Amino acid sequence: MYFGLETTLGLFLLAAALIALRLRNLLAAAVTLSVFSFISALIYLVMGAVDVAFTEAVVGAGITGVLFIVVLFHTSRRSVD
Amino acid sequence: MTTSSRNPILITASRLLAPFIQLFALYVIFHGHYGPGGGFQGGAMLAASVLLLRLSVGAERSELKFRKSWGTPVGALGALIFAGTGLLTLLLGGRFLEYHYLPLPDLSRAELHSAGILLIEVGVGLAVMAVLVGIYDDIMEGPGGD
């Protein structure tokens with residue numbers, strides 16, 4: 001029904017995942033993972049699963065992002081590998 | 001996090017934003033059985049508002065909102081509300097979480113179901129909020145704590 005919208009969001013999702021993998025700055029990678037979570041929440045919303053989308057937006061983008069950033073305070077900012 | 005240079009724009013914005021996040025989280029918890037949402041999502045949003053204050057204004061000031069030592073007790077209280085509701089219906093002759101056995105007078109069967117689900121969601125919300133904030137505090141404390 002929303003095939004074009006789903007395809008576009010899927011491409012954005014893939015782009016966010018690849019950028020998060022390629023980035024050397026770990027803070028930017030954590031923020032890009034939050035972007036990934038928001039896009040997947042939008043995909044759930046388009047597919048009609050409002051409750052799942054809500055949970056993904058709150059937990060995936062909010063809490064997980066905060067926890068990643070907090071862990072980064074205790075380690076170095078840049079990846080070495 | 002231990003630096004004293006905090007951005008005033010960041011502090012003002014997050015202090016303005018946090019009460020509205022909490023209000024919406026309460027709406028999500030209490031409206032959970034009519035629409036999307038519920039105890040888990042609302043509790044996670046409450047935790048997100050506390051974590052926003054923890055990150056922006058610092059641990060000392062944000063402890064006025066939710067103390068570090070409250071994590072485990074409030075989480076246990078939420079779990080106790082959930083389990084207590086279920087066990088109360090069990091004691092009063094029903095099965096676990098069979099809401100229409102709840103001892104609330106002058107309520108029909110459907111209203112008792114609504115009230116029981118509300119109790120469950122308040123319990124789940126409290127537990128989720130306290131545990132998520134507790135995880136954050138434990139990570140910030142670093143290794144070597146209790």
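For this structure, a couple of remarks:
- Scanning the stretch B:21-72 for residues that are surrounded by fewer than 16 Cβ atoms within 10 Å (Cβ to Cβ), of a type in the set (Lys, Arg) and in contact (Cβ under 8 Å) with a residue 60 or more places away in the chain yields nothing.
- Among all residues of the stretch A:57-71, there is none that is away from chain B (no Cβ under 14 Å), out of contact with any Phe, Trp or Tyr (no Cβ under 8 Å at 6 or more places or on another chain) and aromatic (Phe, Trp, Tyr).
- Under the condition of being within 12 Å of chain A (Cβ to nearest Cβ) and in a loop (DSSP other than H, G, I, E, B), the residues counted in the stretch B:34-74 number 4.
- Qualifying positions in the stretch B:75-103 - exposed (fewer than 13 other Cβ atoms within 10 Å of the Cβ) and outside any helix (DSSP H, G or I): B:Leu92, B:Gly93, B:Arg95, B:Phe96, B:Pro103
- Against the list (1) within 19 Å of the chain's Cα centre (by Cα); (2) farther than 20 Å from B:Ala48 by Cβ; (3) not polar (S, T, N, Q), the condition B:Met129 fails is (2).
- Selected residue [at pLDDT 90 or above and more than 28 Å from A:Val66 (Cβ to Cβ)] from B:Leu87, B:Leu97, B:Leu102, B:Leu92: B:Leu87
- Screening A:Asp81 on (1) at pLDDT 90 or above; (2) over 23 Å from B:Ala25 (Cβ atoms) shows it passes everything except condition (1).
- Restricting the first member to the stretch A:28-44 and to residues that are closer than 14 Å to A:Phe54 by Cα, and the second to residues that are of a type in the set (Phe, Trp, Tyr) and surrounded by fewer than 21 Cβ atoms within 10 Å (Cβ to Cβ), the beta-carbon pairs closer than 6 Å and six or more apart or on different chains are A:Ile39/A:Phe12.
- Scanning the stretch A:41-79 for residues that are closer than 25 Å to B:Val50 by Cα and among the polar types (S, T, N, Q) yields A:Thr55, A:Thr64, A:Thr75.
- Within the span defined as the stretch B:133-142, one or more residues are in contact with a Gly (Cβ under 9 Å, 6 or more places away or on another chain) and either surrounded by fewer than 18 Cβ atoms within 10 Å (Cβ to Cβ) or among the basic types (Lys, Arg) (or both).
- Scanning the stretch A:11-27 for residues being over 12 Å from the mean Cα position of the chain (by Cα) and either free of Cβ contacts under 8 Å to residues at least 40 places away in the same chain or surrounded by 15 or more Cβ atoms within 10 Å (Cβ to Cβ) (or both) gives a total of 4.
The values are calculated or read from the model by the stated rules, or taken from the named source; none is laboratory data. Just so you know, these numbers come straight off a predicted model, no measurement behind them. Note that each Cβ is placed from the backbone with ideal geometry, even for glycine, and that neighbours are counted across all protein chains shown.
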